[in-house]
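This report refers to the structure that appears directly beneath it.
The values are calculated or read from the model by the stated rules, or taken from the named source; none is laboratory data. The shown structure was predicted, so the numbers you read here are calculated from the model rather than taken from an experiment. Please note: Cβ atoms are built from the backbone with ideal geometry, for glycine as well, and neighbour counts cover all protein chains shown. The accessibility values were calculated without ligands, DNA or RNA, using every heavy atom of the protein model including side chains. Shrake-Rupley method; radii C 1.70, N 1.55, O 1.52, S 1.80 Å.
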Amino acid sequence: MSKPIIVFDMDGVLAEVTESYRETIIQTVRHFTGRTIDRDVIQDYKNQGGWNNDWRLSQRICADLGAPVEYAAVIEKFNRLFFGGNYDGLITREVWVPRAGLLERLARSFDLAIFTGRPLEDTGVTLRRNAAAIPFDPIITMESVSEPKPSPQGLRMIRELRPITPLYYVGDTVDDARSARAAGVPFIGIAALANPLHEEIASLLKAEGAIAVLDNVNELEGVLPS
């Protein structure tokens with residue numbers, strides 16, 4: 001009998017990205033507008049839904065601050081900040097959240113997969129650095145889908161591979177929750193205690209149908225069926 005599948009989002013779930021992706025948004029916006037935004041501003045956009053793509057979000061914030069920028073220029077600046085010269089940019093500030101042994105224990109009872117809005121390159125760098133031995137399969141990234149979250153396309157792709165296997169999706173944004181609901185997949189939310197908008201995020205995820213909201217992914221074993 002096949003094992004149930006846990007599908008993980010990455011940012012805010014497997015990787016804490018305050019000093020990587022979120023800081024890259026801040027520095028990209030500063031470059032084009034000359035203004036420094038608070039991290040709460042980024043979270044406010046994320047909480048509205050529809051801003052899973054950090055390139056698009058950076059472009060939108062620049063426009064809202066009165067500095068429209070071409071999308072290609074945003075991508076170029078963002079990636080230069082994020083990757084640096086040889087993957088030594090802000091991506092190195094990411095913090096891997098799962099404690100040692102967590103994913104290995106989960107893999108005994110569940111198959112593990114990823115559905116993230118990250119590009120494949122970003123995903124690969126982080127997984128090679130932190131979880132090279134973990135058998136995530138499949139790994140659905142930005143390039144895998146034609147419709148980004150909150151579309152359920154990525155989750156439906158995984159379900160098509162194993163039609164009768166139970167799925168669980170673990171994410172941290174309203175887009176993740178809406179994607180899961182549209183796919184008919186039970187959703188487990190993550191609302192990090194370190195986020196100053198923790199209570200607001202937890203309430204939003206519950207309102208979007210989360211079956212549980214955790215402080216971090218290390219609490220996952222306590223809510224999954226044994």
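Among the residues making up the stretch 25-42, those that are more than 14 Å from Gly117 (Cβ to Cβ) and either within 15 Å of the chain's Cα centre (by Cα) or of a type in the set (Lys, Arg) (or both) are Arg30, Arg35, Arg39, Ile42. Picking from residues in the stretch 69-90 that are in a helix (DSSP H, G or I) and among the small types (Gly, Ala, Ser), the one that is most open to solvent (accessible area, probe 1.4 Å) is Ala72. The residue of the stretch 91-128 that is most open to solvent (accessible area, probe 1.4 Å), among those that are without any contact (Cβ under 8 Å) to a residue 40 or more places away in the chain and in a loop (DSSP other than H, G, I, E, B), is Ala100.
Specify which of the listed residues (Ile201, Ile158) is farther than 18 Å from Asn53 by Cβ, assigned to a helix (DSSP H, G or I) and within 16 Å of the chain's Cα centre (by Cα).
Just a single option satisfies the conditions, and that option is Ile201.
Among Val174, Val213, Val185, Val217, which is in contact (Cβ under 8 Å) with a residue 24 or more places away in the chain, of a type in the set (A, V, I, L, M) and open to solvent by 20 Å² or more (accessible area, probe 1.4 Å)? Sole residue among the options that is in contact (Cβ under 8 Å) with a residue 24 or more places away in the chain, of a type in the set (A, V, I, L, M) and open to solvent by 20 Å² or more (accessible area, probe 1.4 Å): Val213.
Condition check ((1) in contact with a helix residue (DSSP H, G or I) (Cβ under 6 Å, 6 or more places away or on another chain); (2) in a strand (DSSP E or B); (3) modelled with pLDDT of 95 or more) across all residues:
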| site | (1), (2), (3) |
| --- | --- |
| Ile134 | yes, no, yes |
| Pro148 | no, no, no |
| Ile164 | no, no, no |
| Ala182 | no, no, yes |
| Gly189 | yes, yes, yes |
| Ala192 | no, no, no |
| Leu205 | yes, no, yes |
| Val213 | yes, yes, yes |
| Leu220 | no, no, yes |
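Among the numbered conditions (1) assigned to a strand (DSSP E or B); (2) free of Cβ contacts under 8 Å to residues at least 60 places away in the same chain, the only one that Tyr168 does not meet is (2).
All of Pro225, Pro196 fail the test of being within 29 Å of Glu160 (Cα to Cα) and not in a helix (DSSP H, G or I), apart from Pro225.
None of Asp54, Asp11, Asp88, Asp64 is within 20 Å of the chain's Cα centre (by Cα), farther than 30 Å from Arg162 by Cα and not polar (S, T, N, Q) except Asp54.
Output the residue which, of all residues in the stretch 49-68 that are in contact (Cβ under 8 Å) with a residue 24 or more places away in the chain and assigned to a helix (DSSP H, G or I), is farthest from Asp175 (Cα to Cα).
Ranking the candidates gives Cys62 first.
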